[in-house]
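The values are calculated or read from the model by the stated rules, or taken from the named source; none is laboratory data. Since the model is a prediction, treat every value here as computed from it, not as a measurement. No Cβ is skipped: glycine too gets one built from the backbone with ideal geometry, and neighbour counts run over all protein chains shown.
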Amino acid sequence: MTTKLLTTKEAADYLRIAVQTLYNWRHQRKGPDYVLVGGRSPRYEQEALDKFLDNNRVCLSA
């Protein structure tokens, strides 16, 4: 199984948020999990982004 790693820009586009928001979340140690490629380039697995969205879902009851 091959996991596609997304750049910060690609991840931000996928989540429909600003790139700066991902930078801020990384600095604050919150937001979706990521891996550092070569020790410095953050990359995001799409599965991690989906998990982040699921974990932050707000359900409103009627």
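Look at the range 13-62 and say how many of its residues are over 20 Å from Thr3 (Cβ atoms) and either among the basic types (Lys, Arg) or surrounded by 10 or more Cβ atoms within 10 Å (Cβ to Cβ) (or both). Can you show your working first?
Quick first cut of the range 13-62, residues over 20 Å from Thr3 (Cβ atoms) only: 16-21, 23-25, 27-30, 56-62.
Remaining after also requiring either among the basic types (Lys, Arg) or surrounded by 10 or more Cβ atoms within 10 Å (Cβ to Cβ) (or both): 16-21, 23-25, 29-30, 57.
Residues that pass the stated criteria total 12.
Of all the numbered requirements in (1) in contact (Cβ under 8 Å) with a residue 12 or more places away in the chain; (2) out of contact with any strand residue (DSSP E or B) (no Cβ under 7 Å at 6 or more places or on another chain); (3) surrounded by 13 or more Cβ atoms within 10 Å (Cβ to Cβ), Lys4 misses one, and that requirement is (3).
Each row is one residue, and each column tells you yes or no for (1) assigned to a strand (DSSP E or B); (2) under 9 Å from the mean Cα position of the chain (by Cα).
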position: Ile17; (1), (2): no, no
position: Thr21; (1), (2): no, no
position: Arg26; (1), (2): no, no
position: Gly31; (1), (2): no, yes
position: Gly39; (1), (2): no, no
position: Tyr44; (1), (2): yes, yes
position: Ala48; (1), (2): no, yes
position: Asp54; (1), (2): no, no
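A single member of Ala12, Ala62 is modelled with pLDDT under 95, among the small types (Gly, Ala, Ser) and on the phi < 0 side of the Ramachandran plot, and it is Ala62.
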